[in-house]
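Report on the structure given below.
The values are calculated or read from the model by the stated rules, or taken from the named source; none is laboratory data. Computed from a predicted structure; not experimentally measured. Note that we place each Cβ from the backbone using ideal geometry, even for glycine, and neighbour counts take in every protein chain shown. Only protein heavy atoms, including side chains, enter the accessible area calculation; ligands, DNA and RNA are left aside. Shrake-Rupley method; radii C 1.70, N 1.55, O 1.52, S 1.80 Å.
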Amino acid sequence: MLLLSNHSEAVRRLQDEWGFVPLPCATGEKHPYVNWTDYRDTPPSPEETTLWFEDPETGAWTITGPISGWAVLDTDNEAGEALWRERLGDLLEQTTCVRTRRGYHYFFKVPHDRPFPRWTWEQDPEAMERDAHFDVLGNGYGVMLPPSQFPDGPADDGRETYEWIRGPECAVDAPPALRKPSKGLTRPTRGAEAASGRSTLAGLLTSRPDEGNRNNWHNKVAGHMAKMIPYEDGFLALAAIVNDALPNPVDEGELL
């Protein structure tokens with residue numbers, strides 16, 4: 001467990017001793033205000049890290065995947081937590097764990113020389129059937145680190161920051177079950193869409209998400225729009241319009 005005298009020291013230790021790639025986030029945000037792609041091959045220098053995290057209000061976001069040597073299982077609801085407890089058993093009680101605003105992040109070690117693609121519950125037929133929401137974060141993604149503040153405000157029980165349940169020293173290697181399935185994303189068949197009288201995209205756009213499901217909803221909508229719109233600028237503009245039409249749109253960084 002990391003119990004250190006100041007914020008900058010805590011973040012530096014995460015980088016120096018455990019391989020995390022910490023990047024700074026403004027208060028209330030969960031995406032770095034520096035371009036993370038500048039650091040996907042070369043981690044920030046000690047001088048950059050010290051400068052960024054002098055202010056204890058600055059949030060820390062780390063890149064996941066081979067560059068840091070970490071993958072993260074993010075369970076988004078009780079069904080997702082139950083599914084992975086069945087699959088991994090005691091490993092969830094052994095490995096590095098962070099308590100988030102709504103659930104937990106379970107950290108696992110992955111090789112630095114082998115890709116670790118991100119995947120979600122929508123690529124898992126059993127999870128889809130059980131409505132078990134989760135993300136497995138790897139290449140090109142990242143998560144917030146303690147002691148950062150929750151971007152979305154305090155939890156229902158009053159907690160305001162991410163907290164270590166078990167520190168980095170407890171990490172175990174990622175088990176085979178955590179890797180992306182060999183089969184692709186499960187999708188409804190064309191026959192099913194025709195039988196319902198509407199496209200899947202139409203169904204999504206008329207079924208607005210609650211706050212806890214906005215990211216999954218956006219991913220589904222974006223996937224369908226990407227098949228229809230060949231130009232990136234048009235795709236991004238339409239994605240922004242769809243987001244702005246929601247009663248509770250996500251912030252721009254999260255949308256991108």
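With respect to THR96, determine if the residue is open to solvent by less than 70 Å² (accessible area, probe 1.4 Å), in contact (Cβ under 8 Å) with a residue 60 or more places away in the chain and within 15 Å of the chain's Cα centre (by Cα).
Working: open to solvent by less than 70 Å² (accessible area, probe 1.4 Å): yes; in contact (Cβ under 8 Å) with a residue 60 or more places away in the chain: yes; within 15 Å of the chain's Cα centre (by Cα): no.
When the stated conditions are applied, THR96 does not pass them.
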Pick from the range 36-56, criterion open to solvent by 50 Å² or more (accessible area, probe 1.4 Å) and touching a strand residue (DSSP E or B) at 6+ places or on another chain (Cβ under 7 Å), ranking: nearest to ASN139 (Cα to Cα): ARG40
Give the number of residues within the range 16-30 that are buried (at least 19 other Cβ atoms within 10 Å of the Cβ) and either at pLDDT 90 or above or not in a loop (DSSP other than H, G, I, E, B) (or both). 7
Does PRO151 count as open to solvent by less than 40 Å² (accessible area, probe 1.4 Å) and either free of Cβ contacts under 8 Å to residues at least 24 places away in the same chain or closer than 30 Å to LEU201 by Cα (or both)? yes
Only one of these conditions is not met by PRO43: (1) more than 18 Å from the chain's Cα centre (by Cα); (2) of a type outside the set (S, T, N, Q); (3) within 28 Å of ARG214 (Cα to Cα). Which number is it? (3)
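This table checks each residue for (1) modelled with pLDDT of 95 or more; (2) more than 22 Å from HIS7 (Cα to Cα).
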| position | (1), (2) |
| --- | --- |
| PHE108 | yes, yes |
| ARG114 | no, yes |
| GLN123 | no, yes |
| PRO146 | no, no |
Within the range 108-126, is there a residue that is part of a helix (DSSP H, G or I) and either without any contact (Cβ under 8 Å) to a residue 60 or more places away in the chain or touching a strand residue (DSSP E or B) at 6+ places or on another chain (Cβ under 7 Å) (or both)? yes
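Give me a count of the residues in the range 40-74 that are in contact with a Lys or Arg (Cβ under 9 Å, 6 or more places away or on another chain) and under 28 Å from TRP217 (Cβ atoms).
Initially, the range 40-74 is screened for residues in contact with a Lys or Arg (Cβ under 9 Å, 6 or more places away or on another chain), giving 46, 49-50, 53, 59, 61, 63-67, 69-71.
Add one more test, that the residue is under 28 Å from TRP217 (Cβ atoms), and what stays is 59, 61, 63-65, 70-71.
The qualifying residues number 7.
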How many residues, within the range 37-87, are under 24 Å from TYR104 (Cβ atoms) and either hydroxyl-bearing (Ser, Thr, Tyr) or in a strand (DSSP E or B) (or both)? 15
Of the conditions (1) touching a residue at least 24 places away in the same chain (Cβ under 8 Å); (2) open to solvent by 20 Å² or more (accessible area, probe 1.4 Å); (3) over 23 Å from ASP55 (Cα atoms); (4) not in a loop (DSSP other than H, G, I, E, B), GLU129 clears all except one; give me its number. (1)
How many residues are part of a strand (DSSP E or B) and polar (S, T, N, Q) when one looks only at the range 92-107? 1
